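S.K.: Quick one: the structure is below, questions incoming.
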Amino acid sequence: MRLTFREVMLGVRRSPLLSTLSVVTIAFSLFAFGLFGLLVLNVDRALRGVEEHVEIVAFLADGTLPEAVSAAMGDISAFPEVALVQQVSPEQALARARAELPEFQDVFDASFLPPSIEVRLKEGHRDPVSVKDVTQRIQTYPFVDDVRYGEDWVKKLYDIRNIAGAAGIALGLLFAAVAVIIIGTTIRMTVLARSREISIMRLVGATDGFVRRPFLVDGFLKGLVGGLLALLLTWGASSVISHNLIQTSFFDPGIATLGVIGGGIIGLLGSALSVGRHLRRV
Amino acid sequence: MIRFSHVVKEYPRTGLALQDVTFRVNKGEFAFLTGPSGAGKSTILRLVIVEETPTAGEVRVSGSLTSSLPRKEIPRLRRKIGVVFQDFRLLEDRTAEENVAFALEVTGAPRDAISARVSRLLTQVGLASKGTSYPKELSGGEQQRVAIARALVNDPVLLVADEPTGNLDDRATRGVFQLLRDINAAGPAVLMATHNLELVKRTDYRVIEVNRGQLVFDSAEGNGAGVVSTSTPT
């Protein structure tokens, strides 16, 4: 390993410009990937935020006994999909309406509003099928007049999430593939710059493994440094956007670490591909 | 040591480089390989160091049939062969010592054994005081001596030299050639490709001559045309 690191350091010392160029190229291709990741993360969080507002409202018939409502609420809160059940009195409903809708500013009598039960669902159960299923179960209570959950809205929201998720995966894979190709090409330049050395190494009896090792370590380290730089750039971009445009979320430390290690792995892969191809030729 | 049996080498783009070449070089022997440019000398050397395998026929080096040698065994065979080239092929950013040590390091030799062996070899080739010099600080003859020390560092049984004096002046040529003779006297067989007929005529070593991909003369067999009449001096 000592020899491997010595060879890596020699490579960097011999061609500092090429090494810097490799790291910068890796950093920028991962930065593009990072920006895309940031976009996916924020769109996902925004959609999750909207999703939290998915709720089922069951309007109760006039004269429903409070005991029956309490018993039903107990039942409903025991549904595995349900996160929260709360009763909304006509007065509370009017107070909300007055706060949210200007046309209710002059309305003071709440008696025309029916009492209701609001049901919020747990994460993972806010898709149209689950929502409809819970709605149907709530509808079976005899004192429930009507149940609403914004069927079209939930469906559209879910479609957007699915499209965003699929686009995220497809574009993410594309970005990753482009990063591997760019990094592979950059590292290939390093390998070509050292082809004379590789042929001498092989001439004196170096095994393929011995020849390959410094390049793999070199690719991994450059990928790691490039990944760190990309993380810094992405963080900078995220801060600028948060300050000037819109509040954005940044990757949590686990994802950020994974991203940097991912950079190292892409560097390693790019190196392995370039060296492997070169070794077959010389 | 080296055995070529009816060797044919054909390249897809340039065609036949060797046709039905058969010869052997024995253990401890010194043989010149001569012939005009493009005659097939370098192809023969590349076949010996397993940079190529024959299209037909057999090449055996130190008992190994090169065409059926697994890829991972090739480095092991190469460690038994020292190679010297006309252009020295030294690593420019390493000192003479480091260039020689490098050939030992790739074999995984222990660190403390390397420096002692390297300084002994540099002394043997007459460069004891130039160990810390970089190739560009050395003359052509000195660079070739470093290359020879590197070729010897793994105790090869065979030394292959491709025009080792091609870039050297007369004095350096004599020195390098004498060094190769001394090495041969100590044991390893030497196969030396050269255009330098003066050098060939000066000794009674065996001469194998190729022309247009065919073996046209082998002094060990005493057949064909003479070395002087068919070779093209540089």
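The values are calculated or read from the model by the stated rules, or taken from the named source; none is laboratory data. Just so we're clear, the structure is a prediction, and the values are computed from it rather than from any experiment. Reconstructed Cβ throughout: ideal geometry from the backbone, glycine too, with neighbour counts over all protein chains shown. These accessible areas exclude ligands, DNA and RNA; they are computed on the full protein's heavy atoms, side chains included. Shrake-Rupley method; radii C 1.70, N 1.55, O 1.52, S 1.80 Å.
S.K.: Across bins of 10 angstrom width beginning at 0, how are the C-alpha pair distances of segment A:55-148 distributed, in whole percent?
M.R.: 16, 45, 29, 10, 0
S.K.: Looking at A:Val88, A:Gly124, A:Thr64, which one has the Cα that reaches farthest to the positive end of the dipole of segment A:55-148 (charges on Cβ: Lys, Arg +1; Asp, Glu -1)?
M.R.: Positive-most Cα among the choices belongs to A:Gly124.
S.K.: In addition: Contact order normalised by length for chain A, with contacts defined as Cα pairs under 8 Å and 6 or more residues apart; what percent is it?
M.R.: Contact order relative to length: 29 percent.
S.K.: On to the next question. What is the gain in length, in nm to one decimal, between B:Ser68 and B:Val8 on full extension, counting 0.36 nm per residue of separation less the C-alpha to C-alpha distance?
M.R.: 20.0 nm
S.K.: For segment B:90-155, compute the orientation-averaged projected area of the C-alpha convex hull (one quarter of its surface), in nm².
M.R.: Averaging across all directions leaves 3.8 nm² for the Cα convex hull.
S.K.: Let me ask something additional. Among the lysines in chain B, how many pairs, 8 or more places apart or on different chains, have alpha carbons under 23 Å apart?
M.R.: For chain B, qualifying lysine pairs total 8.
S.K.: Now, a different point. Given Cβ point charges of +1 (Lys, Arg) and -1 (Asp, Glu) and nothing else, what value in debye, to the nearest 20, does the dipole of segment B:63-115 about its Cα centre take?
M.R.: Values: 9 positive and 8 negative charges, 93 e Å.
That gives a dipole near 440 debye.
S.K.: How many square angstrom of accessible surface are buried between A and B, both sides summed, with a 1.4 Å probe and rounding to 100?
M.R.: The A and B chains share an interface burying roughly 1900 Å².
S.K.: Starting from the Kirkwood radius over alpha-carbon pairs of chain B, derive D by Stokes-Einstein at 37 °C in a medium of 0.692 mPa s and give it in µm² s⁻¹.
M.R.: My calculation gives 181 µm²/s for D.
S.K.: What does the highest-first list of B:208-221, A:62-75 look like by mean Cβ count within 10 Å? The partial results should precede the final answer.
M.R.: Details: B:208-221: 19.9, A:62-75: 12.6.
The packing order, highest mean first, is B:208-221, A:62-75.
S.K.: Give the residue from B:Val157, B:Val100, B:Pro70 lying farthest towards the positive end of the charge dipole for chain B; charges sit on Cβ (+1 for Lys and Arg, -1 for Asp and Glu) and the dipole is referred to the Cα centre.
M.R.: Checked the options; the winner is B:Pro70.
S.K.: Still on this model: What is the average number of partner chain Cβ atoms found within 10 Å of a Cβ in B:71-80?
M.R.: 4
S.K.: I would also like to ask the following. Between A:Asp133 and A:Ile255, 0.36 nm times their residue separation minus their Cα-Cα distance comes to what?
M.R.: Working: separation 122, 0.36 × 122 = 43.92 nm, distance 3.52 nm.
Contour length minus the Cα-Cα distance gives 40.4 nm.
S.K.: If you plug each phi of segment B:148-162 into the Karplus form 6.51 cos²θ - 1.76 cosθ + 1.60 with θ = phi - 60°, what whole-Hz ³J(HN,Hα) values come out, in order, with x for Gly and Pro?
M.R.: Karplus-based 3J(HN,Hα) across segment B:148-162 equals 5, 4, 5, 5, 8, 5, 9, 6, x, 8, 9, 10, 10, 10, 9 Hz.
S.K.: Next question, about the same structure. Quick check for me: using +1 on Lys/Arg Cβ and -1 on Asp/Glu Cβ, what's the dipole size of segment B:32-130 about its Cα centre, in debye to the nearest 20?
M.R.: Working: 15 positive and 11 negative charges, 62 e Å.
The dipole magnitude comes to about 300 debye.
S.K.: Lysine pairs, Cα distance under 27 Å, 8 or more residues apart or cross-chain: how many in chain A?
M.R.: So the count works out to 5.
S.K.: Need one number: nm distance between label points at A:Glu123 and A:Leu279, each 7 Å from Cα along Cα→Cβ, rounded to one decimal.
M.R.: Using points 7 Å along Cα→Cβ, the separation is 4.4 nm.
S.K.: Looking at the P(r) of segment A:167-241, how many percent of alpha-carbon pairs lie beyond 16 Å?
M.R.: Everything past 16 Å amounts to 65 percent.
S.K.: Okay, moving on. Can you tell me the Rg and Dmax of segment A:128-282, counting just the alpha carbons, in angstroms?
M.R.: That works out to 25.7, 90 Å for Rg and Dmax.
S.K.: Report, to the nearest whole %, how much of the accessible area of segment A:55-148 belongs to carbon and sulfur atoms, 1.4 Å probe, protein only.
M.R.: Details: 2930 of 5400 Å².
Carbon plus sulfur share of accessible area: 54 percent.
S.K.: So how strong a dipole does chain B carry about its Cα centre when Lys and Arg Cβ are +1 and Asp and Glu Cβ are -1, to the nearest 20 debye?
M.R.: Values: 30 positive and 27 negative charges, 92 e Å.
Rounded to the nearest 20 debye, it is 440 debye.
S.K.: Using label points projected 7 Å from each Cα along Cα→Cβ, tell me how many nm separate B:Asp20 and A:Glu151, to one decimal.
M.R.: In this crude label model, B:Asp20 to A:Glu151 measures out at 9.2 nm.
S.K.: Same structure, new question: May I have the pair-distance distribution P(r) for the protein assembly as shown, computed from all Cα-Cα distances with 20 Å bins from 0 and rounded to whole percent?
M.R.: 18, 32, 19, 14, 12, 5, 0
S.K.: Another question, then. Write down the accessible area per residue of chain A in Å², having rolled a 1.4 Å probe over the full set of protein chains.
M.R.: On the way: 15200 Å² over 282 residues.
Ligands and nucleic acids excluded, the result is 54 Å² per residue.
S.K.: Give the peptides A:138-145, B:79-86, B:12-19 in descending order of average Cβ contacts within 10 Å, highest first. Mind showing how you got there, number by number?
M.R.: Working: A:138-145: 15.0, B:79-86: 22.9, B:12-19: 13.1.
Result, highest mean first: B:79-86, A:138-145, B:12-19.
S.K.: Could I ask something else about it? Based on alpha-carbon centroids, what's the gap between segment A:184-233 and segment B:15-81 in Å, whole number please?
M.R.: Distance between centres, Cα-based: 31 Å.
S.K.: Additional query: Over all directions, how big on average is the projection of the convex hull of the alpha-carbon atoms in chain A, in square nanometres?
M.R.: So the mean shadow area of the Cα hull is 21.2 nm².
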